[in-house]
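Structure first, commentary second.
What follows draws every value from the coordinates through simple rules; no lab data is involved. The shown structure was predicted, so the numbers you read here are calculated from the model rather than taken from an experiment. Reconstructed Cβ throughout: ideal geometry from the backbone, glycine too, with neighbour counts over all protein chains shown.
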Amino acid sequence: MPPKHTTNIYIFFEIISAEQFESDNLHILYKICLPDKYKLLDESLQMQGSTHSSWQKNDQWNYGHCFELIFTVPDDMKNDFGNNTVNQR
């Protein structure tokens, strides 16, 4: 049960593939940044990591790297979730 005036949010992520690179044997380094008011329920979770290496096949590199996040959001911010919280680089 989340603390009073907060909501728990569960997100499942998957890095599926990469395209349009000039080299081979690629892996993806990632880092997930949450706004300061969002708190992870399991603070031991790694918010950054790396996929396995992948070789190009049909102009694409395949990964299937899955992970999930569970965090608590103050009720006054839950309606903003998804609008500007994830940045792709």
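Pick out, from 16, 49, 27, the residue whose Cα sits farthest towards the positive end of the charge dipole of the chain, with +1 on the Cβ of Lys and Arg and -1 on the Cβ of Asp and Glu.
Comparing the listed Cα positions along the dipole, 49 ranks first.
What longest region of the chain stays clear of GluC sites (Glu not before Pro) that DSSP places outside H, G, I, E and B and that have at most 15 other Cβ atoms within 10 Å?
Details: sites that count: 22, 43.
Here the longest run is 44-89.
Modelling each spin label as a point 7 Å along the Cα-to-Cβ direction, I'd like the residue 18/residue 32 distance in nm, to one decimal.
Result for the modelled spin labels: 2.0 nm.
Counting only pairs 8 or more places apart or on different chains, how many lysine pairs in the chain have C-alpha atoms closer than 18 Å? Present the calculation step by step, with values, prior to reporting the outcome.
Numbers: 4/37; 4/39; 4/78; 31/39; 37/78; 39/78.
Lysine pairs meeting both conditions in the chain amount to 6.
As an exercise, identify the trypsin sites (Lys or Arg not before Pro) in segment 1-59 lying in DSSP coil whose Cβ has no more than 10 other Cβ atoms within 10 Å.
Answer by residue number: 4.
May I ask you to list the chymotrypsin sites (Phe, Trp or Tyr not before Pro) in segment 1-68 that are in a DSSP loop and have at most 10 other Cβ atoms within 10 Å of their Cβ? Working shown, then result.
Working: sites: 10, 12, 13, 21, 30, 38, 55, 61, 63, 67; in loops: 21, 38, 55.
Within segment 1-68, the qualifying chymotrypsin sites (Phe, Trp or Tyr not before Pro) (loop, at most 10 other Cβ atoms within 10 Å) are 55.
Can you compute the charge dipole magnitude of the chain about its Cα centre, using +1 on each Lys and Arg Cβ and -1 on each Asp and Glu Cβ, nothing else charged? Give it in debye, rounded to the nearest 20. Don't skip to the end; give the middle numbers.
Details: 7 positive and 12 negative charges, 47 e Å.
Here the size comes out at about 220 debye.
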